[in-house]
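**Q** Handing you this structure, nothing more for now.
The values are calculated or read from the model by the stated rules, or taken from the named source; none is laboratory data. Since the model is a prediction, treat every value here as computed from it, not as a measurement. Note that each Cβ is placed from the backbone with ideal geometry, even for glycine, and that neighbours are counted across all protein chains shown.
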Amino acid sequence: MTTSSATAATTSAVSAQERRWLKLRWILLVVLGILFGAYLGLNAAIGTHGHGAMWKPFVWEMSSAFVIFALIPLIARFESRYRVDARPRSKAILIHVAAGIVFSSIHVAGIVVLRKLAYWLMGESYDFGDVPTQWFYELQKDLITYLVILVVLFAIRGFRIRRAGELRAQELAAQLSEARLRHLTAQIEPHFLFNSLNAISNRMHEDIDAADRMISQLGDLLRAAYESDDHVWVPLSRELGWLRGYTAMMGERFRGQLAFEIEADPGIEGLQVPRLLLQPILENALKHGLVDGRGWLRVEVRRDGQNLRYIVSDDGVGFSDAPLVRGTGISNIARRLELLFPGKHELIFSSRQPRGAVVTLSFPA
Amino acid sequence: MSYSVVVIDDEPPARAKLLRFIAELPDFRVVAEAGAVEEGIDAVRTTQPDVLFLDIQLGSHSGFDILEALRGIPTPLVVFTTAYSEYAVKAFELQALDYLLKPFDRDRFTRSIERTRQALKEPDHSDVEERVRRLLAQIPGRPATAQQILIKDTDRAFFLMVDDIQRVSAAGNYVEVHARGKVHLVRDTLTTFIAQLDPSEFLRVHRSHVVRINFITEMRPLFHGDYELVLRDGQTLSLSRRYKALLPPAIRERL
């Protein structure tokens, strides 16, 4: 039995690589902070107009920018845990005001240590001044800095989410158009078309009305194949309509050998479902399961709480005789399910006893 | 007297259609029908029909699998039926074998039956057998031919390298295998024996003779469009018109 869902192994492999990247980013940020501090220091040094030592403004500004930039990743991690846009809002504000005060305390402690060190190296001593006054002076500036950092983090996250959404939508469109192409080729596949025509040409001699029905079914299938709209979702009735036409044609071609049964719970045919999910499963069963064109195939569509469940079973060779066949058609549905319902779908292949196969697919609908 | 027919197709309506068309003919009768490879092989083995209508795509198998399994027994005249199979149709045309493309109508069926009647009147179908042998060699995925062949002489058994074989001829219930100037007698039919040989290296030039292409040196015209082939060892074999048509163009031009 195999299930298609994301595995824990791949997630941890990614985070090992991510950790390396985070470390590199931290170093980059610190270098950026020092450079930014140097720029501010230069400005301040020019502003002294030659009064006092020129190196002092550099020490003040660079120490301050260094500590702030070095803290940014910690703030980012903290914010991802306690989102600034979390509810209740009052709680989020309280948490971040408190965090801002902590941030300011670390910042002040950091700059004092760094400046004392720098002054000592230059043979002087650094005096922070009156602690409550100076601390309050730094606090009001730090809270603004903290707020700016939060806003930037929030904007970056929004941008990333939108970008990921666009990528997902793009991939979904690509997967769907691939499925549509497959769907189109399956019905205009020469063997299908010519053998259907041959079956009709025989049926004509036996039962004109039946031959007529076959022609209109073939017409429906061809029409569906030529349809050019690219809706991701269709009513279940349309998926089943296609399925009924296809199975009717196959049933005629293998009359007395191949039996189809399609059953849907009452009242669900109006539900919106992802387009063309059933077709690849059905084709897979006919191609790899019922190899001699003999046997039965049953499609059940069941309402299961919040989920819709497709069950496709047959009495063919099953998955035990042949290695689990997951052709490109099947991997296409697996990928589309993952894009549409990440972590909320199920695609299970299993064998029936004494023979045959069952494919179960469920997703929220 | 009517000709016996076996129909092999995995789709019942396709069989029904052929059966209905054939039932209208006074001189043909269907003796068996089959929908799968194993059934088909059994049907042909037990009924030994004159004509076989054979579908190319049989589920996940192929009609060629049936011909492969029937190698060595007298092959019926085969009319291939196919819905669509580009490579097979090309091969049929190349070997001038009869085929029907589905869906076909009564006119096309009748034309095919006319050709079959003509072919059935010929006393010797060995050239058709040869065409089928070459067809199978052209179909992708067919088993490779042998490198060496087990020969059971009167007093010993040994492997003969296929590269050493110069020609093979029918002689009653035996075949004579000419290899490096020696002749080995093998109890077999020519058809069965040459099934092991590569059709691009060995040519059937007569119902009783198969020759390695490189062993032919000359082709001399005789009367009535017949020819005589001269071999490297100086011996001559007659080449009938029907077999001359079977020679690949490159060989025909070279000689």
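**Q** Which condition breaks for B:L150 when tested against (1) surrounded by fewer than 18 Cβ atoms within 10 Å (Cβ to Cβ); (2) not hydroxyl-bearing (S, T, Y); (3) not in a strand (DSSP E or B)?
**A** If we test B:L150 against (1) surrounded by fewer than 18 Cβ atoms within 10 Å (Cβ to Cβ); (2) not hydroxyl-bearing (S, T, Y); (3) not in a strand (DSSP E or B), just (3) comes out false.
Yes or no, residue by residue, for (1) part of a helix (DSSP H, G or I); (2) in contact with a strand residue (DSSP E or B) (Cβ under 9 Å, 6 or more places away or on another chain); (3) modelled with pLDDT under 90; (4) not charged (D, E, K, R):
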| site | (1), (2), (3), (4) |
| --- | --- |
| A:D220 | yes, no, yes, no |
| A:R223 | yes, no, yes, no |
| A:D230 | no, no, yes, no |
| A:V234 | no, yes, yes, yes |
| A:E239 | yes, yes, yes, no |
| A:T247 | yes, yes, no, yes |
| A:G251 | yes, yes, no, yes |
| A:I262 | no, yes, no, yes |
| A:L286 | yes, yes, yes, yes |
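**Q** Looking at (1) more than 17 Å from the chain's Cα centre (by Cα); (2) away from chain A (no Cβ under 14 Å); (3) part of a helix (DSSP H, G or I), which is the only condition B:E130 fails?
**A** For B:E130, the exception is condition (1).
**Q** Evaluate the range B:13-25: report whether one residue or more is more than 14 Å from every other protein chain (Cβ to nearest Cβ) and crowded, with 21+ Cβ neighbours inside 10 Å.
**A** No, because not a single residue in the range B:13-25 is more than 14 Å from every other protein chain (Cβ to nearest Cβ) and crowded, with 21+ Cβ neighbours inside 10 Å.
**Q** Also, I was wondering about something else. How do the pairs read when you match residues in the range A:109-129 that are of a type outside the set (S, T, Y) with residues anywhere that are in a loop (DSSP other than H, G, I, E, B), using Cβ under 6 Å and keeping only pairs 6 or more apart or on different chains?
**A** Once the first residue is of a type outside the set (S, T, Y) and sits in the range A:109-129, its partners that are in a loop (DSSP other than H, G, I, E, B) give A:V112/A:F128; A:R115/A:Y126; A:K116/A:Y126.
**Q** Can you tell me which residue among B:D98, B:D124, B:D105 is within 14 Å of chain A (Cβ to nearest Cβ), of a type in the set (D, E) and over 27 Å from B:D163 (Cβ atoms)?
**A** Unique residue meeting the criteria: B:D105.
**Q** Now a separate question. Let me spell it out: the conditions are (1) assigned to a strand (DSSP E or B); (2) over 27 Å from the mean Cα position of the chain (by Cα); (3) of a type in the set (F, W, Y); (4) surrounded by 18 or more Cβ atoms within 10 Å (Cβ to Cβ), and A:Y310 meets all of them except one. Which number is the exception?
**A** Result: A:Y310 fails condition (2) only.
**Q** Sticking with this structure for a sec: Would you mind finding the one in A:V273, A:V301 that is under 31 Å from the mean Cα position of the chain (by Cα), away from chain B (no Cβ under 14 Å) and closer than 18 Å to A:S350 by Cα?
**A** Every option except A:V301 fails the conditions.
**Q** Now for a different question. Exactly one of (1) in a helix (DSSP H, G or I); (2) over 26 Å from B:D10 (Cα atoms); (3) hydrophobic (A, V, I, L, M, F, W, C) is unmet by A:L282. Its number?
**A** (2)
**Q** Next question, about the same structure. Can you work out which of the residues in the range B:33-44 that are within 14 Å of chain A (Cβ to nearest Cβ) and touching a strand residue (DSSP E or B) at 6+ places or on another chain (Cβ under 7 Å) is surrounded by the most Cβ atoms within 10 Å (Cβ to Cβ)?
**A** B:G40
**Q** So B:S200 ticks every box in (1) polar (S, T, N, Q); (2) in a loop (DSSP other than H, G, I, E, B); (3) surrounded by 14 or more Cβ atoms within 10 Å (Cβ to Cβ) but one. Which box is left unticked?
**A** Looking at each condition in turn, B:S200 falls short on (3).
Rundown of residues vs (1) surrounded by fewer than 17 Cβ atoms within 10 Å (Cβ to Cβ); (2) touching a His at 6+ places or on another chain (Cβ under 7 Å); (3) within 14 Å of another protein chain (Cβ to nearest Cβ); (4) assigned to a strand (DSSP E or B), yes/no style:
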position: B:T46; (1), (2), (3), (4): yes, no, no, no
position: B:F53; (1), (2), (3), (4): no, no, yes, yes
position: B:L67; (1), (2), (3), (4): no, no, no, no
position: B:P74; (1), (2), (3), (4): yes, no, no, no
position: B:V79; (1), (2), (3), (4): no, no, no, yes
position: B:Y84; (1), (2), (3), (4): no, yes, yes, no
position: B:A88; (1), (2), (3), (4): no, no, yes, no
position: B:A91; (1), (2), (3), (4): no, no, no, no
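**Q** Could you pull out the residue among B:E39, B:E68 that is among the acidic types (D, E) and under 15 Å from the mean Cα position of the chain (by Cα)?
**A** B:E68
**Q** Still on this structure: Against the condition away from chain A (no Cβ under 14 Å) and among the β-branched types (V, I, T), how does B:V30 come out, does it pass?
**A** Here the answer is yes, as B:V30 does meet what is asked.
**Q** Okay, moving on. Evaluate the range A:232-242: report whether one residue or more is within 14 Å of chain B (Cβ to nearest Cβ) and surrounded by 15 or more Cβ atoms within 10 Å (Cβ to Cβ).
**A** No, the range A:232-242 contains no residue that is within 14 Å of chain B (Cβ to nearest Cβ) and surrounded by 15 or more Cβ atoms within 10 Å (Cβ to Cβ).
**Q** Name the residue, out of A:I111, A:I144, A:I156, that is surrounded by 14 or more Cβ atoms within 10 Å (Cβ to Cβ), of a type in the set (V, I, T) and within 25 Å of A:A70 (Cα to Cα).
**A** A:I111
**Q** Do we find a residue being surrounded by fewer than 18 Cβ atoms within 10 Å (Cβ to Cβ), acidic (D, E) and under 30 Å from the mean Cα position of the chain (by Cα) anywhere in the range A:80-92?
**A** Yes, some residue in the range A:80-92 is surrounded by fewer than 18 Cβ atoms within 10 Å (Cβ to Cβ), acidic (D, E) and under 30 Å from the mean Cα position of the chain (by Cα).
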